[in-house]
Amino acid sequence: MSAKFRCAHCHCHSGNPFAQRCKECGGILEVCHPASPVDRILAWTPNDSMWRYASSMLVDPSAVRMSLGEGGTPLIEAPQMASRLGIEQLRLKLELVNPTGSFKDRALSAAATHARHHGSAGLVGSSSGNALHAQAAYAALAELPSLALVPVTVSADRLVQPIRCGTRVVRVRGDYSDCHRLARTAASLSGWYNVSTTYENPVGLDGYKTVAYELWEACEDAVDWIVIPVGAGPLLGAMAQGYADIVAASRCPTAPALLGIQASNCAPIVRAFERGVPTVTPWDGDAASVAKGIADPLRGYAEDGTYTLAAVIGSGGAMVSVSEAEIEEATRSLARICGLHVDPAAAAAIAGLEIATRRGIVSAGSSVIAIITGTGFKEVPADFSLAELGAVFDPDVDPIESILPQEVSHDTTSY
Ligand SMILES: [Zn+2]
């Protein structure tokens, strides 16, 4: 049996395709590739989306791909936002255009393909929202039964799609860490594959590495910083691995610095970074944030945070936390300035970039890419009310002038 995974902690190998943690020490598993992936990245075929990098991924080449067209997302210039933040160049990687509206599709496409190829009986996962939609979609595509554990705070808006896709959704009285622990137990008792999109699933993280490959291919010039919203940080950790592959193949002299952003209400990795300690400890107490996708207390798996912190420090990067008000403001500015309706966890990237710029962590001459991780279309914010629109217009009664802008001519003879 050839090795598929290597423990990040004790470096022992595992050939078990469904391995999730190191059997020897419980450490995080990294995917082993037989050779440098970068040369093979260049041999792509059109419409392969994320799967154009299939030869750089662990998934068996003969596996039938469970694909909805994930990856290959746009990288757009955001000059107005760059100018507002006082930096030279800002580009946005639009992960929100993925099939279920977030970067999680990359992980679940890879994990569902792997699970089906190796004969898994079903998928089980924990989620605070976006991974739930990805799990439900790819489980349906793979014709696998699916069980998802979500915190009770997940809104009803988010539950329609997974239920329609046939995933059994269990609402858990607790936070994301409670769901993570239950998913691990449910996977171990049922034998179903745990597709929780944390470091628990190294095959899923392999899918996230393709974000780094895509950015490297898209950017002819040097990128100084990449801004990534972080819960446990698997996207950040995987992108660091992706850039390490590229640098190792001498395709790029240095990898960009990684700027990880957490919500102040739940910021265990930022806390360790600011204290200058290498080890992350779980976040105690209430972990409530409007940015549910990154409010992860890491209770029971704080080593995931430690791994992410090491990736940040190894890149020469930094961690920054943002308040609820700053997240709210960034959500509104992305809509108003860039036309992007994003979820609060995605907006945290821009809020954090603003703080990092103000503090001089990111200098004005920098070239920056922010990962816009998820769409805002999935959930109506709790504070939104139709009353914001004013009274309903009745065409039989109300004059058209009552809704026209003040400066428009009131001469309606041309009608
Ligand atoms: Zn180990």
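Are there helices (runs of 4 or more DSSP H) fully within segment 247-348 with at least 2 residues that are of a type outside the set (Asp, Glu) and in contact with a Gly (Cβ under 7 Å, 6 or more places away or on another chain)? List them.
So the answer is 268-275, 302-314.
Checking the structure you have, find out if any residue of segment 39-54 is open to solvent by less than 60 Å² (accessible area, probe 1.4 Å), modelled with pLDDT of 85 or more and either touching a strand residue (DSSP E or B) at 6+ places or on another chain (Cβ under 7 Å) or within 16 Å of the ligand (Cβ to nearest atom) (or both).
no
Any residue in segment 223-244 that is open to solvent by 10 Å² or more (accessible area, probe 1.4 Å), touching a residue at least 40 places away in the same chain (Cβ under 8 Å), of a type in the set (S, T, N, Q) and touching a Phe, Trp or Tyr at 6+ places or on another chain (Cβ under 9 Å)?
Checked segment 223-244: at least one residue is open to solvent by 10 Å² or more (accessible area, probe 1.4 Å), touching a residue at least 40 places away in the same chain (Cβ under 8 Å), of a type in the set (S, T, N, Q) and touching a Phe, Trp or Tyr at 6+ places or on another chain (Cβ under 9 Å).
Which of the residues that make up segment 18-38 are modelled with pLDDT under 90, assigned to a loop (DSSP other than H, G, I, E, B) and either more than 16 Å from the ligand (Cβ to nearest atom) or open to solvent by 40 Å² or more (accessible area, probe 1.4 Å) (or both)?
Matches in segment 18-38: His33, Pro34, Ala35, Ser36, Pro37.
Helices (runs of 4 or more DSSP H) wholly in segment 55-155 with at least 1 residues that are over 22 Å from Trp192 (Cα atoms) and open to solvent by 10 Å² or more (accessible area, probe 1.4 Å) - which ones?
79-85
May I ask you to verify whether Glu354 is within 30 Å of His133 (Cβ to Cβ), out of contact with any strand residue (DSSP E or B) (no Cβ under 6 Å at 6 or more places or on another chain) and surrounded by fewer than 24 Cβ atoms within 10 Å (Cβ to Cβ)?
yes
Using the structure shown, decide if Ala248 is out of contact with any Leu (no Cβ under 8 Å at 6 or more places or on another chain) and open to solvent by less than 60 Å² (accessible area, probe 1.4 Å).
no
Do you know which residues across segment 267-279 are open to solvent by less than 50 Å² (accessible area, probe 1.4 Å) and under 30 Å from Glu214 (Cα atoms)?
Ala267, Pro268, Ile269, Val270
Name the residue that is surrounded by the fewest Cβ atoms within 10 Å (Cβ to Cβ), counting only residues in segment 1-15 that are closer than 19 Å to Ser120 by Cβ and away from the ligand (no atom under 13 Å from the Cβ).
Looking at residues that are closer than 19 Å to Ser120 by Cβ and away from the ligand (no atom under 13 Å from the Cβ), I get Met1.
Before we move on, is Tyr193 hydroxyl-bearing (Ser, Thr, Tyr), closer than 28 Å to Gln241 by Cα, in contact with a strand residue (DSSP E or B) (Cβ under 7 Å, 6 or more places away or on another chain) and in contact (Cβ under 8 Å) with a residue 24 or more places away in the chain?
The answer is yes for Tyr193.
Residues of segment 165-201 being farther than 18 Å from Asn130 by Cα, open to solvent by less than 30 Å² (accessible area, probe 1.4 Å) and not in a helix (DSSP H, G or I), which ones?
Correct list: Tyr193 only.
Among the numbered criteria (1) at negative phi; (2) open to solvent by 10 Å² or more (accessible area, probe 1.4 Å); (3) not charged (D, E, K, R), which single criterion is violated by Leu259?
The one condition Leu259 does not meet is (2).
Just the residues that are of a type in the set (D, E, K, R) and surrounded by 10 or more Cβ atoms within 10 Å (Cβ to Cβ), please, taken from segment 360-400.
Within segment 360-400, Lys378, Glu379, Asp398 meet the criteria.
The values are calculated or read from the model by the stated rules, or taken from the named source; none is laboratory data. Bear in mind the structure is a predicted one, so any value in this text is a computation, not a measurement. Using ideal geometry, Cβ is built from the backbone for each residue, glycine included, and neighbour counts are taken over all protein chains shown. SASA here: full protein model, heavy atoms, side chains in, ligands and nucleic acids out. Shrake-Rupley method; radii C 1.70, N 1.55, O 1.52, S 1.80 Å.
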